[in-house]
Each structure stands twice: as C-alpha cells, then as structure tokens.
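Read the figures in this text as sums done on the coordinates, not as results from a lab. Everything numeric in this text was worked out from a predicted model, so none of it was measured. Virtual Cβ from ideal backbone geometry, glycine too; neighbours counted across all protein chains shown.
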Amino acid sequence: MHIRDWPQDERPREKLLHRGPSVLSDAELLAIFLGSGLAGSDAVATSRQLLSRHGPLRALLERSPTELMELPGIGAARACKLSAALELGSRYLAAGLERGEALTDPQSAGRYFAQRLRGLPHEVFAALFLDTRHRAIAFEELFRGTVDGAEVHPREVVRRALAHNAAALIVGHNHPSGNGEPSAADRAITARLKQALSLVEVRLLDHFVIGDGLPVSLAARGWL
C-alpha cells in the first residue's frame, strides 16, 4: 500500500502538520526527506530498512554526503537534502548564541556543545566565552586528544578568557566512547579551572560532558 492510501492521520506529513514533528518516529521523519521508497516499498518502509541496517539515526546521519549517497534509497539528491537539513539545524542552534542574545537557558548551551562536539572520533575540549550579560563572545576548541582524552591546561583557558575580555565561560568536552558520565578527572579539571579563573574574576558557569545521550551538566550535578 502506498502512503497516499494510508489513513490520513497516519501519513507522516499529515501527522507533522496536525500534531507537530515531535510525534513522528525516526523512520517517519526520514521518510519525509526520502519522499518515496525503493521499488515495491514505501518511504517509511525504506527508512526503517535504512535505520535497521545502517542506523541508529545518529550513526546514519553522521555519514558524509558521499557515504549517504551510496546507501540504497538515498542517492545524491537525497544525501544533499539530509546533509543540508543537518546543517540548518546546527545553524539554528548556533543562531541564538551568535546574534548576541543573553544566555538565559543553560541547556541551550549544552545542546550547542553537543552539536559542535558529538560524533568526533577524538576528544575535544572547548569553551564558550561570555560577556557580563552572558552574551556569547566566541566559541573555541582549545584542546584535542586521542580517543582516551585531552590534556587541559587551565593557564591556557585563563589566557583565552582574558584575550576575549570574557566575564564568564562555559566549557565542554566530548567522550568518543559515547558514555557521557563525567569521570573523576572531569570533576578534578573542573575544580582546577574554576579556581584558576576566579583569580582573574572570570566565572565558570558550567562544564558539559557530551556522550550519546543528553549533555551532562556538572553544575546541575552540584559539582561546580
């Protein structure tokens, strides 16, 4: 049965229009971009096959456009659409931080770090520098490591904060293993950074650890 023959309230596009995108499954969202499926299969069924064989969703969409276009049912045009959609999402997340608005929702910073750092094959430690009104000044990747970790130097973080004339900052790093649970070393470097930054009157607002799930906030855990 073609999707157009489904009951109207079960078709992905109609569900999105009437109930919002959050109610759609991963396969249904992907099907909207595909538009149609492989021969003898509708777009949702094709999407389910793609997710089953090449997923989950994050693993599928982290592929480069060239890799995506080689998968059955995608091709060059659809690979470009998917990659463009991801980039639009990334720019949307960055837009509020980059247009000088005050950061009032700490979790938006966590999502921003996740967008920038998740999926990298090596550990990266980055900082978001803020002014006195907690508006973004700059985002910098400060340290890179192997799959096992990155060595963080508080002196360099302080130097960059002063260079930006920052009043506060939020830091974050990714765990390439996908395990977002902060380690003892993560807690230790957070304490060292907070102490070093306080000497130059710069506040460390949070430290996010990026794994496969939601960003983990050390401030929310009471460790900062």
| What does the charge count near Gly55 come to, summing +1 for each Lys or Arg and -1 for each Asp or Glu among other residues with Cβ under 10 Å from its Cβ? | +2
| request: Treat every Asp and Glu Cβ in the stretch 102-217 as -1 and every Lys and Arg Cβ as +1, leave all other atoms uncharged, and give the resulting dipole magnitude about the Cα centre to the nearest 20 debye. | output: 320
| note | For the stretch 3-92, the Cα gyration tensor yields equivalent-ellipsoid semi-axes (√(5λ), largest first, whole Å) of 21, 16, 11
| request: Can you tell me the order of 127-140, 31-44 when each peptide is scored by its average per-residue count of other Cβ atoms within 10 angstrom, highest first? | output: 127-140, 31-44
| message | About the Cα centre, and with charges only on the beta carbon of Lys, Arg (+1) and Asp, Glu (-1), how big is the dipole of the chain? Nearest 20 debye, please. | response | 320
| request: Calculate, for Ser36 and Gln107, the FRET efficiency according to 1/(1 + (r/R0)^6) with r their C-beta to C-beta distance and R0 35 Å; round to the nearest 0.05. | output: 0.40
| request: Let me know the Rg and Dmax you get for the chain when you use only its Cα atoms, in Å. | output: 20.8, 68
| message | Give me the one-decimal nm value for the distance between modelled label points at Ala85 and Ala185, 7 Å along each residue's Cα-to-Cβ direction. | response | 3.7
| task | Rank by packing, highest mean first: peptides 60-67, 6-13, with packing defined as the count of other Cβ atoms within 10 Å averaged across residues. | result | 60-67, 6-13
| remark: With +1 at each Lys and Arg Cβ and -1 at each Asp and Glu Cβ, the charge dipole magnitude of the stretch 3-92 around its Cα centre, to the nearest 20 debye, comes out at 120
| said: For the stretch 102-217, take every pair of Cα atoms, bin their distances at 5 Å starting from 0, and report each bin as a whole percent. | reply: 2, 13, 25, 25, 20, 11, 3, 0
| remark: Residue-normalised 222 nm signal for the chain, counting each DSSP H run of n ≥ 4 as -39,500 (n - 2.57), nearest 500 deg cm²/dmol, is -13500 deg cm²/dmol
| remark: In this structure, the FRET efficiency calculated for Arg133 and Glu62 from their beta-carbon separation, with R0 = 45 Å, to the nearest 0.05, is 0.80
